[in-house]
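One structure is given below, encoded as structure tokens.
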Amino acid sequence: MWQTEPWALGKLKWKRCFTLKAYCFALNLKVRNLLQQFCLQSDFILEAVEQIQEQSNRPTKAAELFLQSILQLKEDGWFRGFLDALKASDYTGLYQAIETWDFKTIESLEPHRELLKRIEPAIQDINVTELQGYMGECLQSQEWEEIHQISRNKGRRASASKLVECLYRSDKEHWPKMFQHALYEAGYDGHGKLWDLKGDVEMGNDESSGVFQIQISEEAESDNLCESSCSASGKTQTRYVPRKARSYQIELAEPALNGKHTMICAPTGSGKTFVSIMICEHHLCNRPAGQTGKVVFLATKVPVYEQQKKVFQEHFKTDYKIDGICGENASSTSAEIVIQENDIIVMTPQILLNSLNNKGTNISLSTFTLMIFDECHNTTGNNPYNVLMFKYLDLKLKQGARSLPQIVGLTASPGIGSAKNIGEAIDYICKICASLNIEVISTVRKNIKDLEEIVHKPEKKQFNILYRRLQYALNQNVNKEISALHCRPFFLKKIFPSPLDDLSVIKKQCYGTQKYEQWVVDMQKKAVVLQCKNAEEESRVCRALFICMQHLRKYNDALIINEDARTKDALDYLKDYFEDIKNCYFDDIEQQLASNFEELTAASEDESNENPKLEDIREILEEAYHVNPETRTILFVKTRALLAALKNWIEETPELQFLKPQTLMGRGKRNHCTGMTLPNQKGTLDAFKINGDSKLLIATSVADEGIDIVQCNLVLLYEYTGNIIKMIQVRGRGRAKDSKCILVTSKKEEEEKERYNLQKEKMMNKAIEEVQSWDEKKFAKKINELQKQQIKMLASKRKTTEPKPWKDNLVLLCGKCKTEVCSTEDLRVIEESHHTVLGEKFKTRYITKPHKAARSYGDFEKKFKMHCIIDSCHHDWGIIVKYKTFEDMPIIKIESFSVKDVVSNRQNHFGKWKDVDFAVKDLDFEELSY
């Protein structure tokens, strides 16, 4: 039994003071050890212990139950027992704070904990086990054991998240300094610098951190208590609790809170994700008796998926089980298990679609009670959103299913498609609503002033840079080189007229355009299946055409870069290309083309020929940063090549070097240019948010929608226009007050397109208002009619899927040199999507080179690139991987080959494996000989 405490601290007073002073921090306690120590000294209620232990995987809930149970105790000495248990469990910081009733030290840790949350994505890149020797007693030994175990079982990122969780719960006064010291000592200097707290972590009303500040004033009480028990009478304390919803956010959520299928349409930056969290929480907390809820939040892009999953996890913490699955982890994670074992699941739509199509799972749309579609304007055509909703409507209309989930859609703009008047705009919006089964379109109408205080619509400025286009020396010389390359196929045509009849040449005035690039791509596809009477000549001709088309594409890219950047950047782009091919086999054709390029370079370099559009950008940036040195800018461009060129230009321009630009691009491969990995994307965004030195972000369309980017007050659109949805999304990146959005273009048609989009936006808003003015029955009738039309149209298009035929007369040929590679009978499918080739013979047909972006995904580990072994070819065939325990397994891409029917001699080319017209066997591990 406990000893009586030396002062008479009444339970009511202790409960009140503890709630105000330490309750929030005490909720961070890990109860397991504390409970053991406390039980050793008391007859702690058995039922309470069992309830607390049941919440072992929800530490905050367990801590809350523990504290509530303590306050129900009636024995003398309970308070001293609690303090002794804190001390014995190594919670010395909280013990000292309560013992002395001085919470300054505990409160001083709050900014560091807030900063820790903000830089967590950057911390996930480090090996946290290397820090242990430098961190002293910051964490308990048991916590380090858990971190090491997670590192072994789940990897570096998971162990880093565990370290952050443990530090966040630590009550040790010196853990922030020790953590920074450990980062520097372990060689993570960049991360150590991120940890510098320079007063920029504000704990006030902060939209991004999801907290707001309230003041709590303690009043003197009339209990017969010693003054020393609570000397803080009348003193104001600060406490941080989850951010409150604003009036306009409550308005947006109201229809969904009432159970309606709702499309929420509100500007970028208004907090639609927070609105969805409100709806989600209300939905799960207000289920009918005996029923549980299950929510799926769908995000179209993997970076957005990662971002939203983290937001949900941080908000709900341990109140609900939350997990996610996307293309990045789908191969190593069971979607069925993730869905069944969690209350809230964040997913990309294709993964959910795959699960619904998998007959081996028990997942159906009725598994969920609420579905939230982020960026729901994408529910059109063959988008996975639309395919999901077709399944939903089929169940609703044909099968009469009643247990279907509530639908909530989030968007900044539903768009109006190709509508030219209000009537057509209304029809388009109603079709989107019908696809999503929407009953109500929710916009801010009552609380517009509240919305305008938070969301600042940028001033839109149109720039039409009128200048006489200079005849760049590079343009003239590249045009000549392209014309010379065009002559090669026509020379071949004189020898082989019949197979090359279709290789028409596009008009010269299209050089340097997307239209010309598409022509080159089409010609490349035709070259892959080109056939001649003589196999040797066919190989020579196809290889020559392939090389010519590659060079035409690069020259076209250079013309596009030269139009929007410097001649130097265009030449550097070509130089890099020719350096790459020099490292491979250099045949007579490529040697001649390289020689031509060297002559072109010498004739084209003219530093005095500056691009006027770049001068305009420089003047805009200089003016913006002169007026406001704290300006933050996003510069949107169309291509990755232009992104790299503009970054180089800014870094090499003395007046702009202080901007220290960051770049953000997509993850996929484009034009043989590898994109950014997901960690790189997250690192770039975190650096732009946290690192004040970087004042400008250059981005492609990946930053259009969904991704949370730090508030900017200048958005530059460099020859960057699109439809009304893109315009609204991009403009919304300028969230700061008095922000500007500037279109920089030399093309009159681009300016006209943007002005037309502004008119379309007004038409869209009027159309939404008109639909909202309809009574509920009229809207429901319209939606029902459209849904029946959509289902009927789908049924007419739907064809019975017949299995692909087995063919034993097909072989794969290298798409460049036409060398026979393997029979299709040797092909095998791995995990429904990857294709390998069996047999030792195939291994003699290729060479390998180190993979520049070697990494692991699921059970696969990229190791090498695979190329055709023919010296004059070296065509890219795919990659070599380690699959589970099997080393050096080839994974081929069908686009690199032509498929030849050895009976008819006919050849076909397929861009994707799903398009092939023959069946492929699944891999049987017993067939593997390596």
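Only one of 315, 282, 261 is open to solvent by 50 Å² or more (accessible area, probe 1.4 Å) and modelled with pLDDT of 90 or more; which? None of the others qualify; the one that does is 282. Within the range 429-447, can one find any residue that is open to solvent by 60 Å² or more (accessible area, probe 1.4 Å), at pLDDT 90 or above and outside any loop (DSSP other than H, G, I, E, B)? Checking the range 429-447: at least one residue is open to solvent by 60 Å² or more (accessible area, probe 1.4 Å), at pLDDT 90 or above and outside any loop (DSSP other than H, G, I, E, B). For the range 782-792, check the following and say yes or no: at least one residue is touching a Cys at 6+ places or on another chain (Cβ under 7 Å) and open to solvent by 30 Å² or more (accessible area, probe 1.4 Å). Yes: the range 782-792 contains one or more residues that are touching a Cys at 6+ places or on another chain (Cβ under 7 Å) and open to solvent by 30 Å² or more (accessible area, probe 1.4 Å). Residues that are in contact (Cβ under 8 Å) with a residue 40 or more places away in the chain and in a helix (DSSP H, G or I) within the range 314-352 comprise 314, 315, 330, 331, 332, 339, 349, 352, listed in sequence order. Cβ-Cβ distances below 7 Å connect no pair with a first residue in the range 376-395 that is within 17 Å of residue 428 (Cα to Cα) and outside the structural domain of residue 433 (by the TED database), a second residue that is open to solvent by less than 30 Å² (accessible area, probe 1.4 Å) and at pLDDT 90 or above, and a separation of six or more residues or different chains. Looking at 309, 301, 294, which is the one that is within 30 Å of residue 114 (Cβ to Cβ), at pLDDT 90 or above and of a type in the set (Lys, Arg)? Result of the check over 309, 301, 294: 309. Against the conditions (1) open to solvent by 60 Å² or more (accessible area, probe 1.4 Å); (2) in contact (Cβ under 8 Å) with a residue 40 or more places away in the chain; (3) assigned to a loop (DSSP other than H, G, I, E, B), residue 895 satisfies every one except (3).
Every residue in the range 778-834 that is among the small types (Gly, Ala, Ser) and within 30 Å of residue 398 (Cα to Cα), please.
Going through the range 778-834, the residues among the small types (Gly, Ala, Ser) turn out to be 780, 795-796, 815, 823, 833.
Of everything in the range 778-834, those that are among the small types (Gly, Ala, Ser) and within 30 Å of residue 398 (Cα to Cα) turn out to be 780, 795, 796.
Looking only at residues that are in a loop (DSSP other than H, G, I, E, B) and open to solvent by 20 Å² or more (accessible area, probe 1.4 Å) in the range 513-531, which one is farthest from residue 812 (Cα to Cα)? That would be 513. For the subset of the range 694-714 comprising residues that are at pLDDT 75 or above and in a loop (DSSP other than H, G, I, E, B), which member is nearest to residue 273 (Cα to Cα)? Out of the qualifying residues, it is 712.
Contact annotation: residue pairs with Cβ atoms under 7 Å, 6 or more positions apart or on different chains, pairing a residue in the range 560-576 that is of a type in the set (D, E, K, R) with a partner that is not in a helix (DSSP H, G or I), are 563/512; 564/718; 564/719; 566/611. Among residues of the range 670-692 that are not assigned by the TED database to the domain that holds residue 124, those with a Cβ under 8 angstrom from a residue that is hydroxyl-bearing (Ser, Thr, Tyr) and modelled with pLDDT of 65 or more, sequence gap 6+ or separate chain, pair up as 676/684; 684/663; 687/694; 688/694. State the number of residues belonging to the range 153-180 that are open to solvent by less than 80 Å² (accessible area, probe 1.4 Å) and either at pLDDT 80 or above or within 15 Å of residue 116 (Cβ to Cβ) (or both). Residues that pass the stated criteria total 19.
For the range 824-853, the set of residues classified as farther than 16 Å from residue 927 by Cα and surrounded by 14 or more Cβ atoms within 10 Å (Cβ to Cβ) consists of 834, 845, 846, 847, 848, 849, 851, listed by residue number.
Is it true that some residue in the range 838-846 is assigned to a strand (DSSP E or B), among the hydroxyl-bearing types (Ser, Thr, Tyr) and at pLDDT 90 or above? Spell out how you get there, then give the answer.
Step one: filter the range 838-846 for residues assigned to a strand (DSSP E or B), giving 846.
In the following step, the residues that additionally are among the hydroxyl-bearing types (Ser, Thr, Tyr) were identified as 846.
Then keep just the ones that are at pLDDT 90 or above; that gives 846.
Yes, there is a match, as at least one residue in the range 838-846 is assigned to a strand (DSSP E or B), among the hydroxyl-bearing types (Ser, Thr, Tyr) and at pLDDT 90 or above.
Just a yes or no: is a residue in the range 900-921 part of a strand (DSSP E or B), under 24 Å from residue 677 (Cα atoms) and open to solvent by less than 40 Å² (accessible area, probe 1.4 Å)? Scanning the range 900-921, I find no residue that is part of a strand (DSSP E or B), under 24 Å from residue 677 (Cα atoms) and open to solvent by less than 40 Å² (accessible area, probe 1.4 Å), so the answer is no. Among the conditions (1) modelled with pLDDT under 90; (2) under 17 Å from the mean Cα position of the chain (by Cα); (3) more than 22 Å from residue 432 (Cα to Cα), the only one that residue 361 does not satisfy is (2).
Do you know which residues across the range 353-379 are assigned to a loop (DSSP other than H, G, I, E, B) and touching a Gly at 6+ places or on another chain (Cβ under 8 Å)? Walk me through how you get there before you give the answer.
The first filter runs over the range 353-379 and keeps only residues assigned to a loop (DSSP other than H, G, I, E, B), leaving 358-364, 368-369, 375, 379.
Matches in the range 353-379: 369, 375, 379.
Note on the range 765-781: residues that are open to solvent by 60 Å² or more (accessible area, probe 1.4 Å) and either part of a helix (DSSP H, G or I) or at pLDDT 95 or above (or both) total 9. Looking across the range 375-425, the residues that are over 24 Å from residue 759 (Cβ atoms), open to solvent by less than 10 Å² (accessible area, probe 1.4 Å) and of a type in the set (A, V, I, L, M) come down to 388, 389, 393, 407, 408, 410.
Looking only at the range 616-639, residues that are open to solvent by 30 Å² or more (accessible area, probe 1.4 Å) and closer than 29 Å to residue 302 by Cα come to 3 in all.
The values are calculated or read from the model by the stated rules, or taken from the named source; none is laboratory data. No experiment lies behind these values; they were computed from the predicted model shown. Cβ: placed from backbone, ideal geometry, glycine included. Neighbour counts: every protein chain shown. Protein only, heavy atoms only, side chains kept; ligands, DNA and RNA dropped before computing areas. Shrake-Rupley method; radii C 1.70, N 1.55, O 1.52, S 1.80 Å.
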